[in-house]
Amino acid sequence: MKNAVPTDPVKVSLLALPESTPAALYGLYEVLSSVGVSWAEVTGDGEPAPLMEVKIVSEDGRDFASAIGTPIAPHAALHEVNRTDIVIVADLALVPERGADYSWPAMTDWVRAQYDQGATVCSVCTGTAFLAGTGLLDHCEATTHWAAAEMIRAMRPEIDLKPERILVPAGPGHRIITSGGSSSWQDLTLYLIARYCGQAEAVRTAKVFLIGDHNDGQLPFTAVPPPRQHEDAVIADCQRWIAMNYHEANPVARMTARSGLGERTFKRRFQAATGFSPMDYVQALRIEEAKQTLETDDTPIEEIARSLGYEDPAFFRRLFKKRTGVTPGRYRQRYQSHIRF
């Protein structure tokens, strides 16, 4: 398994079958194509650089009407894609009564060839029926939409089906991954991004697209916006200083002293230049640092609070919840539980 930023874009092929529906197919295309790009564009953090090269691939490469009538426009035919890193079959509009009558011989052969060359093969929802037809799932655990479980068992009783699960990596090297209902493409997406591009990139993607549990609203997904461009050299110097010293005691007083301005003048100019009051700016930096720590390791929350300049962990917890909508513990659970693999 990989868990670092790739040197070359990861090649992803999204299979479009006659029975494909467009929602998950195009959702996968948009989100995976954004990896390495959207976060930089939204926050100004780094230069946009695509980490995944995504193509919709069909048997003949021609445009066709999806199962619900919406057009699907593939980028390539099977014969034009000699090698890919990831294959994904999204949900299909299948009629349970047909069961084993479904067959996609050309696409099945192509997927088996890609798997034999090292590709990771994935399915979303009823896309598991396609993978069942490849034989790759025989004697492996797999999942699908709960309503399709009996159909797939009838198609391939050799599969150890676990319809209660959302995401099931299986096979040698976990190179076969099935996911549950149609919206589980989001869980699959974060898993693949973490696996191929690193956990930090998966967290960024979750924040940009608000992927995950929405019960806590949007605040847990937000990030500090790009710094406002301004020409106040004194305030810019203070911003550079606080970026390295936000854990210091009395940071606003120290920035004021550094500026050589009176307290009221400093606060007025800082607000005009940055759009933040000095204290709000400091708190935003501190909370953003706390979020990154919670996303990536298991440092005790009290220790995180002290490292940021908060001697009272209870105050830190209250401030964190006010700014993110959740407690530090809940935030850690959100971003570590469904992205680690």
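The values are calculated or read from the model by the stated rules, or taken from the named source; none is laboratory data. Values in this document were obtained by computation on a predicted structure and should not be read as measured data. Here the Cβ is made from the backbone with ideal geometry for all residues, glycine too, and neighbour counts use every protein chain on show.
Going residue by residue through the range 279-300, is there one that turns out to be surrounded by fewer than 18 Cβ atoms within 10 Å (Cβ to Cβ), out of contact with any Asp or Glu (no Cβ under 7 Å at 6 or more places or on another chain), modelled with pLDDT of 95 or more and hydroxyl-bearing (Ser, Thr, Tyr)? No, because not a single residue in the range 279-300 is surrounded by fewer than 18 Cβ atoms within 10 Å (Cβ to Cβ), out of contact with any Asp or Glu (no Cβ under 7 Å at 6 or more places or on another chain), modelled with pLDDT of 95 or more and hydroxyl-bearing (Ser, Thr, Tyr). Return yes or no: is Ala132 crowded, with 23+ Cβ neighbours inside 10 Å, touching a Lys or Arg at 6+ places or on another chain (Cβ under 8 Å), of a type in the set (A, V, I, L, M) and farther than 30 Å from Thr324 by Cβ? When the stated conditions are applied, Ala132 passes them.
Residue by residue, here is whether (1) modelled with pLDDT of 90 or more; (2) in contact with a strand residue (DSSP E or B) (Cβ under 6 Å, 6 or more places away or on another chain); (3) at positive phi holds:
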| residue | (1), (2), (3) |
| --- | --- |
| Arg83 | yes, no, no |
| Asp91 | yes, yes, no |
| Pro96 | no, no, no |
| Gly127 | yes, yes, no |
| Thr144 | yes, no, no |
| Met151 | no, no, no |
| Asp160 | yes, yes, no |
| Gly180 | no, no, no |
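Among residues that are closer than 23 Å to Leu210 by Cβ and either of a type outside the set (Asp, Glu) or in a helix (DSSP H, G or I) (or both), Leu294 is included. If I filter the range 161-199 down to residues being more than 23 Å from Thr296 (Cβ to Cβ) and among the basic types (Lys, Arg), which single residue comes out as farthest from the chain's Cα centre (by Cα)? The selected residue is Lys162. Do we find that Asp60 is in contact (Cβ under 8 Å) with a residue 24 or more places away in the chain, of a type in the set (Asp, Glu) and either assigned to a loop (DSSP other than H, G, I, E, B) or touching a Lys or Arg at 6+ places or on another chain (Cβ under 8 Å) (or both) in this structure? Judged against the criteria, Asp60 is not a match. Checked against (1) touching a Gly at 6+ places or on another chain (Cβ under 7 Å); (2) surrounded by 13 or more Cβ atoms within 10 Å (Cβ to Cβ); (3) part of a loop (DSSP other than H, G, I, E, B), Ser103 passes all but condition (2). For the range 21-30, the criterion of being at pLDDT 95 or above and assigned to a loop (DSSP other than H, G, I, E, B) is met by no residue. Scanning the range 210-242 for residues that are outside any helix (DSSP H, G or I), at pLDDT 70 or above and out of contact with any helix residue (DSSP H, G or I) (no Cβ under 8 Å at 6 or more places or on another chain) yields Gln229, Glu231.
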